[in-house]
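Chemist: Mind looking over this structure? Questions follow.
The values are calculated or read from the model by the stated rules, or taken from the named source; none is laboratory data. Just so we're clear, the structure is a prediction, and the values are computed from it rather than from any experiment. Here the Cβ is made from the backbone with ideal geometry for all residues, glycine too, and neighbour counts use every protein chain on show. Note: areas computed on protein heavy atoms with side chains; ligands, DNA, RNA excluded. Shrake-Rupley method; radii C 1.70, N 1.55, O 1.52, S 1.80 Å.
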Amino acid sequence: VKNNSMRKVIAKRLTESKSSVPHFYASVEIELDNIMELRKKLKEMDIKVSVNDLIIRGSALALRDVPEVNASYIEGKGVTMSPTVDISVAVATPGG
């Protein structure tokens, strides 16, 4: 796949993020029965949402409700609480 200017910018930003921002990973197993039932009810109302949509929404609400987790480390300042909740999701496009 040929690199166009958009792909180059995305690659640069993702690399900067992974190399300059502290990361940690956590995982948990959950039952999705309630989410699947909600999706079914929404689909009956012609509202299409994915499981990913609902997980992102739940994550945003959790960050709002537990602001201590919604923070970042800034060199020289220490831990800084964020006044807003921002979640970014990378998606594939037909052009790569």
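Chemist: Step by step: first the residues of region 74-85, then only those that are part of a loop (DSSP other than H, G, I, E, B), open to solvent by less than 90 Å² (accessible area, probe 1.4 Å) and without any contact (Cβ under 8 Å) to a residue 12 or more places away in the chain, then the one that is farthest from LYS18 (Cα to Cα). Which residue is that?
Modeler: Here the answer is THR84.
Chemist: Filter region 74-89 down to the residues that are modelled with pLDDT under 85 and of a type in the set (Asp, Glu) and list them by number.
Modeler: Selection gives GLU75 alone.
Chemist: Let me spell it out: the conditions are (1) at pLDDT 85 or above; (2) open to solvent by 100 Å² or more (accessible area, probe 1.4 Å); (3) farther than 21 Å from ILE87 by Cβ, and SER5 meets all of them except one. Which number is the exception?
Modeler: Result: SER5 passes all but (2).
Condition check ((1) open to solvent by 70 Å² or more (accessible area, probe 1.4 Å); (2) at pLDDT 95 or above; (3) within 20 Å of SER20 (Cβ to Cβ)) across all residues:
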site: LYS40; (1), (2), (3): yes, yes, no
site: ASP46; (1), (2), (3): yes, yes, no
site: ASN52; (1), (2), (3): yes, no, no
site: GLY58; (1), (2), (3): no, no, no
site: ALA62; (1), (2), (3): no, no, no
site: PRO67; (1), (2), (3): no, no, no
site: SER72; (1), (2), (3): no, no, yes
site: VAL91; (1), (2), (3): yes, no, no
site: PRO94; (1), (2), (3): yes, no, no
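Chemist: Being over 20 Å from ALA71 (Cβ atoms) and among the aliphatic types (A, V, I, L, M) is the filter here; which residues of region 1-27 pass it?
Modeler: VAL1, MET6, VAL9, ILE10, ALA11, LEU14
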